[in-house]
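Inspection log for the structure reproduced underneath, given as structure tokens.
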Amino acid sequence: MDKDLVSLFDQYYEEHNFFGAGLVKKSDKIIFARAYGLAHKGFKVSNHINTMFDTASVTKLFTAVAILQLVDKEKIKLDDRIRDIIDLADTKIPTDVTIAHLLTHTSGIADDADEEEGESYEDLFISKPNYSIRNCADFIPQFAYKEPKFKAGTNVSYNNCAFVLLGLVIEEVTHENYRNYVVQNIFNTCGMQNTSFTSKDDGDAPVAEGYAAITNENNEVVWRKNIYSFPPIGTSDGGAYTTVGDLDIFMRALVDGKLLSREMTKEIMKPHSKIEQKFEWGKIINGYGFHFIYNNEGNLIRMSKEGSNAGVAAMFAYYPEIDATCIILANQTCNVWELHWKAEQLILTTK
């Protein structure tokens with residue numbers, strides 16, 4: 001076990017409220033694997049390395065793979081228009097939005113909560129019960145009647161509901177519920193035995209509870225369960241439960257061509273947007289589900305996907321050059337992105 005990674009994660013547990021699990025693996029060698037904190041605060045149940053955590057938007061990777069499986073089977077094409085596949089009559093979803101636009105966050109459609117503009121996802125459920133949304137179709141009233149942000153393909157804006165539409169495509173083409181399709185064709189195919197679409201109101205669910213940090217009237221930080229913060233069960237935009245080990249299994253099955261054809265495997269392993277998001281340290285280019293992170297010299301650092309909800313934080317990264325994964329799943333408000341960045345520096349300097 002890498003002592004520097006152990007020291008780093010220990011610090012974030014002791015000083016930065018990290019409850020969760022972390023895994024760093026190079027090829028078949030585990031470099032770091034530890035769990036921290038509690039899966040249930042009330043009964044003092046500890047997290048373990050095989051504890052199942054909510055992944056939030058990391059789930060979008062499963063949706064992207066499912067879509068590409070259907071492309072492999074010639075059931076759909078990436079340039080198919082979404083309105084030619086599912087019934088969106090009387091909505092504001094433009095007629096030129098394609099599956100590829102939805103996969104790369106370049107569709108321009110409105111989101112249910114535009115978090116890039118500062119809107120709160122939790123606020124959606126102040127007047128509408130979160131438990132009323134359990135399936136992909138239940139999301140439609142929350143976004144499909146809003147005006148688009150921009151013309152498809154002309155800009156990039158992260159969009160949760162783009163993946164809701166992709167889930168509806170999967171259901172329309174396969175005649176199966178989204179969750180059933182993904183369980184059978186991805187989780188079971190990979191051997192992800194500790195991964196499921198578990199509902200938070202399932203009394204027998206063997207999963208970590210989520211805890212969000214809030215400030216009370218005395219300006220003190222207290223912890224609140226996230227059971228009212230978002231829908232109770234995952235769909236195509238987020239919410240599957242899994243372990244750090246199962247996410248590593250998923251990534252290696254994907255790289256090894258166990259989930260997609262050789263052609264589609266190559267496609268998911270590279271960026272597909274012509275629009276670059278530039279920063280002082282480099283740039284991000286979107287692919288099919290994954291984000292591809294480059295430094296200022298144009299070298300690929302990683303392909304990754306993150307997820308965040310109240311009481312949920314997830315970071316999932318793969319480093320093709322060294323065949324390494326770095327996976328962090330947390331069930332309590334914590335800056336796992338900063339933790340991941342620091343872990344990444346250790347991983348890349350010891351390659």
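Quick notes
- Any hit, the range 318-340, residues being over 15 Å from the mean Cα position of the chain (by Cα), surrounded by fewer than 22 Cβ atoms within 10 Å (Cβ to Cβ) and among the polar types (S, T, N, Q): yes
- Verdict on Lys351 being modelled with pLDDT of 95 or more and basic (Lys, Arg): no
- Any hit, the range 169-189, residues being farther than 30 Å from Lys258 by Cβ and either of a type outside the set (Gly, Ala, Ser) or in a loop (DSSP other than H, G, I, E, B) (or both): no
- Just one of the listed residues (Ala205, Ala162, Ala152) is more than 20 Å from Thr242 (Cβ to Cβ) and in a loop (DSSP other than H, G, I, E, B), and it is Ala152.
- Residues of the range 42-83 classified as in a loop (DSSP other than H, G, I, E, B) and touching a strand residue (DSSP E or B) at 6+ places or on another chain (Cβ under 8 Å), total: 9
- Subset of the range 285-300 [closer than 24 Å to Val24 by Cβ and surrounded by 18 or more Cβ atoms within 10 Å (Cβ to Cβ)]: Gly287, Gly289, Phe290, His291, Phe292, Ile293, Tyr294
- When the residues of the range 116-149 are filtered to those that are over 21 Å from Gly239 (Cβ atoms) and part of a loop (DSSP other than H, G, I, E, B), the one that is least open to solvent (accessible area, probe 1.4 Å) is Pro148.
- The range 95-115 - residue that is among the hydrophobic types (A, V, I, L, M, F, W, C) and in a helix (DSSP H, G or I) and, of those, farthest from Asn155 (Cα to Cα): Ile99
- For the range 10-31, the set of residues classified as in contact (Cβ under 8 Å) with a residue 60 or more places away in the chain, in contact with a Gly (Cβ under 7 Å, 6 or more places away or on another chain) and either over 17 Å from Asn335 (Cβ atoms) or open to solvent by 40 Å² or more (accessible area, probe 1.4 Å) (or both) consists of Leu23 only.
- The conditions of being under 30 Å from Asn130 (Cα atoms) and either crowded, with 20+ Cβ neighbours inside 10 Å or in contact with a strand residue (DSSP E or B) (Cβ under 6 Å, 6 or more places away or on another chain) (or both) are not met by Leu259.
The values are calculated or read from the model by the stated rules, or taken from the named source; none is laboratory data. Small disclaimer: the values here were computed from a predicted structure and weren't measured. Cβ atoms come from the backbone with ideal geometry, glycine included; neighbour counts cover every protein chain shown. Just the protein is used for accessible areas: all its heavy atoms, side chains included, with ligands, DNA and RNA removed. Shrake-Rupley method; radii C 1.70, N 1.55, O 1.52, S 1.80 Å.
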